[in-house]
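The values are calculated or read from the model by the stated rules, or taken from the named source; none is laboratory data. All values reported here derive from a predicted model rather than from experimental measurement. Positions of Cβ are generated from backbone atoms using ideal geometry, with glycine treated the same way; all protein chains shown enter the neighbour counts.
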Amino acid sequence: MGFHRPYPITTFFRDGDMNPKLTISIKPLYGVWVTVYFVTLFCLFFCADNSCADINGNTNHSPEPVIKSYAINKSNVLVDEPFLVAVKGAHNGSSSVSYGGIAVQIRQAYSDGVEVTESHVAVGASSDKSVFWKGEPLARGTAKYLHVEPCWNNWNAEKENTLKVTITPRKAGTYDIYCKMYIYDGSSHPRDPSSDLSNQDHQKEATYKVGTVIVSLPEPDLAINKGSSEEKERKESSNRPDSSIRSNNPPSASVWADGSYFTILEGKTETVVVNVKNNGGQTPAGTVFISVSNGLEIIDINGMSINPNSFTEAYREEIRYVNFPTNDIVHKINTKNSGLIIPSHQLVQATSGYLHDTQRSFTVRVRAKTDSTGIQWIKHRVEMANMNYESWNHRSPTSGEPDQQGWHAEEIIVSVSKLLYYSNDLWI
């Protein structure tokens, strides 16, 4: 440095060992030059753009996960009609990484077989657990909804992998689907999307919204094949809704039982009938909720046997029946406050579509348990959805004692007595 500079200068150069050096020259007040050499950090000065040049000028990119594409093949389906979610991800770095994963999430699916069932294909992925339902531990945090995430080991540079998830809905409703991916290079987990702000999931990570699928129940066949063809046509015509009612008006639900009080002996059964009617526009899904106090148990609905102590789901004549047993920690029920609770009372649900002016009757057989003497109850209510599922607020009743889910319900009072028998001139 055979010349003077009035200000500090910074220069980079390489020595014979190709080690980068930083020279800082400072002119002190007394005119003495002091030169200090620093061995600089590779990534701080020569890798400021996330790439490093070797002696031949080649570039070694940092790991870079990129979701190339995502899609859903259907946006409107019926219950039990499968749809496909496909997500393609790639590693855009120049060297392989230890592993990486692609995740697909459905935020309204909680329990296997209740809202949906799932199967997936991920060619080349490891055999590690890759499907997580609500309550199951993830690598970080706990799943709050369905989370499908296969893992690929030794993910090579520029390699693309694809996750295909087939979803079969078991319950009508709206399902939002999201995706994300990550890779691990031995020290970090870069992700795509990289921001933590967009569509944050149950791991507090950003996701892309793949889309929304609306699942509807099939329209009920109101004309049962009984009697003459003229009778069938008459029934079809009488139940065919006016197009304006069908498309524009919201449903209007009503529910009532044939009776509000009865007596029963311990261990015996009794039958009640709960009626549901839609007085408004067509609904793709109307659900009647029937729950009982803990001294009673529902053992049959519309001729279909129910084990009161076991979660069951069945379809009959286009109606979906679900039994939620008491204290089932796996199959929880939703509440008015949008939370999930463990059922404290047995609950039976029956869901189907309702055209305008459609009425359905549900014959429910209940049994009084042993040592259940006293006053018991049966509560029932109904709710219906708009055609586009934007609202489930069409409910009946609108007043009365709430059920365990927090909504107003009609109540049937049941008086349970002990079974008496005559012995030695006494009733025992």
> Among the residues of the stretch 131-161, which ones are buried (at least 18 other Cβ atoms within 10 Å of the Cβ), within 20 Å of residue 70 (Cα to Cα) and not aromatic (Phe, Trp, Tyr)?
Replying inline: 146, 147, 148, 149, 150, 151, 161
> Out of the residues in the stretch 353-395 that are touching a residue at least 12 places away in the same chain (Cβ under 8 Å), acidic (Asp, Glu) and in a loop (DSSP other than H, G, I, E, B), which is surrounded by the most Cβ atoms within 10 Å (Cβ to Cβ)?
Replying inline: 357
>> Just the residues that are within 19 Å of the chain's Cα centre (by Cα) and among the acidic types (Asp, Glu), please, taken from the stretch 126-180.
In response: 136, 149, 176
> Do we have residue 339 as small (Gly, Ala, Ser) and under 21 Å from residue 171 (Cα atoms) here?
Replying inline: yes
> Can you name the residue in the stretch 192-228 that is crowded, with 19+ Cβ neighbours inside 10 Å and at pLDDT below 90 and, of all such residues, is nearest to residue 83 (Cα to Cα)?
Replying inline: 216
> Which of the residues that make up the stretch 288-300 are assigned to a strand (DSSP E or B) and surrounded by fewer than 23 Cβ atoms within 10 Å (Cβ to Cβ)?
Replying inline: 297, 298, 299, 300
> Identify, please: which residue in the stretch 104-161 is in a strand (DSSP E or B) and among the charged types (D, E, K, R) and is, among those, nearest to residue 324 (Cα to Cα)?
Replying inline: 112
> Would the stretch 249-264 turn up any residue that is modelled with pLDDT under 90, surrounded by 13 or more Cβ atoms within 10 Å (Cβ to Cβ) and assigned to a helix (DSSP H, G or I)?
Replying inline: no
> What number of residues within the stretch 162-172 satisfy the criterion of being surrounded by 20 or more Cβ atoms within 10 Å (Cβ to Cβ) and in a strand (DSSP E or B)?
Replying inline: 4
>> Checking the conditions here, which among 285, 350, 314 is part of a strand (DSSP E or B), without any contact (Cβ under 8 Å) to a residue 24 or more places away in the chain and not β-branched (Val, Ile, Thr)?
In response: 314
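Scanning for something of a type in the set (S, T, N, Q), touching a helix residue (DSSP H, G or I) at 6+ places or on another chain (Cβ under 7 Å) and either buried (at least 21 other Cβ atoms within 10 Å of the Cβ) or closer than 20 Å to residue 397 by Cβ (or both), does the stretch 273-286 turn up at least one residue?
Initial filter on the stretch 273-286 (of a type in the set (S, T, N, Q)): 275, 278-279, 282-283.
The next check asks that each one be touching a helix residue (DSSP H, G or I) at 6+ places or on another chain (Cβ under 7 Å); those that pass are 282.
Add one more test, that the residue is either buried (at least 21 other Cβ atoms within 10 Å of the Cβ) or closer than 20 Å to residue 397 by Cβ (or both), and what stays is 282.
Yes.
Just checking, does the stretch 149-159 include any residue being assigned by TED's automatic domain parsing to the domain that holds residue 198 and closer than 24 Å to residue 342 by Cβ?
Here is the first cut: in the stretch 149-159, the residues assigned by TED's automatic domain parsing to the domain that holds residue 198 are 149-159.
Next cut, closer than 24 Å to residue 342 by Cβ only: none.
No: the stretch 149-159 contains no residue that is assigned by TED's automatic domain parsing to the domain that holds residue 198 and closer than 24 Å to residue 342 by Cβ.
Are any residues in the stretch 325-347 part of a loop (DSSP other than H, G, I, E, B), modelled with pLDDT of 90 or more and in contact with a Pro (Cβ under 9 Å, 6 or more places away or on another chain), and if so, which ones? Outline the logic, then answer.
Pass one, the stretch 325-347, residues part of a loop (DSSP other than H, G, I, E, B): 325-332, 335-339, 342-346.
The next check asks that each one be modelled with pLDDT of 90 or more; those that pass are 325-327, 342-346.
If the condition is that a residue be part of a loop (DSSP other than H, G, I, E, B), modelled with pLDDT of 90 or more and in contact with a Pro (Cβ under 9 Å, 6 or more places away or on another chain), then 325, 326, 327, 343, 346 are the ones that fit.
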